[in-house]
1. Which trypsin sites (Lys or Arg not before Pro) in the range 1-31 pass both tests, a DSSP loop state and at most 13 other beta-carbon atoms within 10 Å?
2. Along the charge dipole of the range 49-162, Cβ charges K/R +1 and D/E -1, which of LEU82, LEU159, MET130 sits furthest on the positive end?
3. Where the centroid of each part is defined by its Cα atoms, how far is the range 239-305 from the range 53-123 in Å?
4. Considering only LEU88, LEU179, LEU101, give the residue with the highest GNM mean-square fluctuation for the chain, with springs between Cα atoms whenever their separation is below 10 Å.
5. In the chain, if every C-alpha pair distance is counted and binned at 20 Å from zero, what percent goes to each bin?
6. Taking only the alpha-carbon atoms of the range 151-280, what semi-axes of the equivalent ellipsoid follow from 5 times the gyration tensor eigenvalues under a square root, in whole Å, largest first?
7. Pick from LEU152, LEU247, LEU217: which residue has the top mean-square fluctuation in a GNM of the chain where Cα pairs under 10 Å get a spring?
8. With only alpha-carbon pairs counted, each pair once and no self-pairs, how large is the Kirkwood hydrodynamic radius of the range 1-72 in angstroms?
Amino acid sequence: MIKIAKLISGSKISAQIKDEVQAEIAQMKKEKNKVPGLAVILVGENPASKVYVANKEKGCNQVGIHSETIHMEDTVSTEEILAEIDKLNNRDDIHGILVQLPLPKQVDSGKVLMAIKPEKDVDGFHPVNMGKLVAQQDCLVPATPSGIVEMLKRENITLKGKNVTMVGHSEIVGKPCTLLFLNEWATVTICHIETKDLKMHTQNADIIVVATGVPYLIKEDMVKQGAVVIDVGINRITKEDASPELLEWRKQDFEKKGATLIGDVDFQKVEPKVSHISPVPGGVGPMTIAMLLKNTLKAAKTAAE
Ligand code: GUN
């Protein structure tokens, strides 16, 4: 008998978190007459970045966070972005600052991220926050990794003593995720593009987290029976590039939009073998937004102390 895995619905869990954040903000407004504020700097016309930023604005509206988006031209210089950050750093009504990545080639991303006040760094990418995460000190933690840990916790999946294989070693997901898992006493293996035998590491994992941007990277023979799979990938597949199985499964998407979104896991083949799996869309994506809103509230609360 094929056992169907339990879907971890990031959409549902993120809605709960947003409700919690909204309730706290309402209370803050009532008691302190204060509203958290988030400023997002968006550079250029990258369609994916524009969609992410629009979703962040929508999330802010839902929970009662004041949001501002500063849209800058593709040709912007590092100095021009630094000048905007300086203004936002000095505003009392803005508690969170986020620069949507990636930035154009001429911009020094490291310098830009370093310029955000660590207390307003709701992405948690500033080296001060990264360092605090290593040292297990209270800090702003990157939203996607904390969203992943939160969704596992709310599904009652324990991390202590588990073998976790993290596929992908980015600063945004892989590295901070590894630290969060380690802080929960998991045994973490980090794999990346130079890893010799990926399958050996994924087969050994109780929990696999994959964040590479490579569709169909994780196949059925790479996962242990009963494992938990968290898919962070977001890949847009057009009708022309889709397999016959995908064309059938996502028929409505292809008819409506000519494309669909899939993760890094061969979902249809892997799902019957595992105990839990997060889908794409509707998995990690909405969790990232919810945790960003939670970080903005945290930054506003800290500022009010
Ligand atoms: N680009 C892709 N993911 C992220 C994220 O979490 N934060 C920012 N600022 N940019 C991104």
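No value in this document is a laboratory result; all are computed from the given coordinates. Everything quoted here is computed from the prediction, not taken from an experiment. Backbone-built Cβ (ideal geometry, glycine too); neighbour counts: all protein chains shown.
1. LYS3
2. It is LEU159.
3. 24 Å
4. The residue that fluctuates most here is LEU101.
5. Per 20 Å bin, starting at 0, the Cα pair percentages come out as 32, 58, 10, 0.
6. Values for the range 151-280, descending: 27, 15, 14 Å.
7. LEU247
8. Computed over the range 1-72, the radius equals 14.4 Å.
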